[in-house]
Amino acid sequence: MKKIPLRAAGGGVFALALLTLLFAFPFACIEGVRAGLASCTQQVIPALFPFFVVSSLLAASPLAKILGAAVWPYTRFGLGIRDSRAATALLLAWLGGFAVAARVISQMYEEGVVDRRQAQLLLVCGVGSGPAFVVNTVGCLLLGSPRLGWCVFAALLLASLAVGLLARMFLPPEPEVPGSGAAFRHESAAKPVSLVSAVQGALQSMLTVCGFVTFFCFLNSALGSILPAEGPTRAALAALLEVTGGCVQASRLGGATAVYGCCAALSIQSLSVFLQVRALLCRDISLLSLTAARPVHLAVSLGMLRLLLRLVPGTAAAAAAGERLIVQSRTAPDAALVLFALCCVVLYGFGFTSSGQKSIMDENPKRRRRRVS
């Protein structure tokens, strides 16, 4: 009897479990997919798409050597990366969040700015949630205080800085392999980034992000039919699956527990975030260092948050004022439809130029030879 690989067997069991959820809780699954699509059109696309385009253009421009001047001392002396463009990549990662971090770090690696080890170091201290989400969504809307949001963001940022320094100490040096150096990657990299290529890359990344957001909203909604509506167990499971749902559930715990719960959810970053980073990141860059650093990041961020809450008195008590009104920022439906249609057009163009155009160019010389003969 042929042995079945453990990984393939696990994937089959997971698929059967999803199929069971689909049949057992069809309405919850449908509502989860609807919520995921609504989140994409109303929040994810308006927030991330422009930043994807801008970050790609900035990372490829000469301004990348000076925009990260404030971060350069950390990347140069803390992480040991000489190129000043790495500081700009880290700054963009902190401002834009984990998806922007994966795209920009991959771009820097493919252009030969950093090697594999340096890319992993940037990933360890660059993957996280941006200040717009932490302060506005978590702080103002979920916890009811922008000061709480800034305290959580500062704790997460300080933890990222500390974990990056530790990762440099424990991450082994990258062995030199013939044909895999920076010069080789630079020669085999894509064409210089233009506005057209930046928009095309942003559209592809948006489809990837929205796909994972929709799937995990479906999964969270389906599992919500089994688990209690609120409580520590539901908050922990939601935080492991998807960071936004984890913050929402943690904010319902009340008091200082809600603040620390949101900080923990943002530090863990969830399975959804790890899969999105893996999908957006270059295949040569491993996620092992990022995965190993998250428990340390969690402990340091909670310790930093406790210290910051003491320095800003009254902020922890602000979370005990009751339930928060969750206000959803959304874009106009016609704008969302235009963005979706634009994604479809670009993907159709990719398919035509990659396969159809090549076959047409190959057939034209044959037709000319037939006419001549």
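Rule-based calculations on the coordinates, nothing more; no lab input. On a predicted model such as this, the values are computed, not experimentally measured, just so you know. As a convention, Cβ positions derive from the backbone with ideal geometry for all residues, glycine included, and neighbour counts pool all protein chains shown.
Summing Lys and Arg as +1 and Asp and Glu as -1 over all other residues whose Cβ lies under 14 Å from the Cβ of Cys151 gives a net charge of +3. Overall form of region 96-177: oblate. Here a/c, set by the Cα gyration tensor axes a ≥ b ≥ c, is 1.5 or more, and a/b is not larger than b/c. Is the shape of region 242-282 best called rounded, prolate or oblate, per the rule: a/c under 1.5 gives rounded, else a/b larger than b/c gives prolate, else oblate, with a ≥ b ≥ c the square roots of the Cα gyration tensor eigenvalues? The shape class here is prolate. With a Förster radius of 45 Å applied to the C-beta separation of Ile226 and Ala299, the computed FRET efficiency comes to 0.90. Taking label positions 7 Å along the Cα-Cβ direction at both Leu63 and Phe23, the computed distance is 5.6 nm, reported to one decimal. Counting charges near Ala87 (Lys, Arg +1; Asp, Glu -1) among other residues having Cβ under 10 Å from its Cβ returns a value of +2. When the Cα atoms of region 1-126 are aligned to their principal axes, the ranges along those axes come out at 56, 46, 22 Å in descending order. Spin-label model, Ser286 to Ser197: label points 7 Å out along the Cα-to-beta-carbon direction sit 2.9 nm apart. One chain, two ends: Ala38 and Leu207. Fully extended at 0.36 nm per residue, the span grows by 59.4 nm beyond their Cα-Cα distance.
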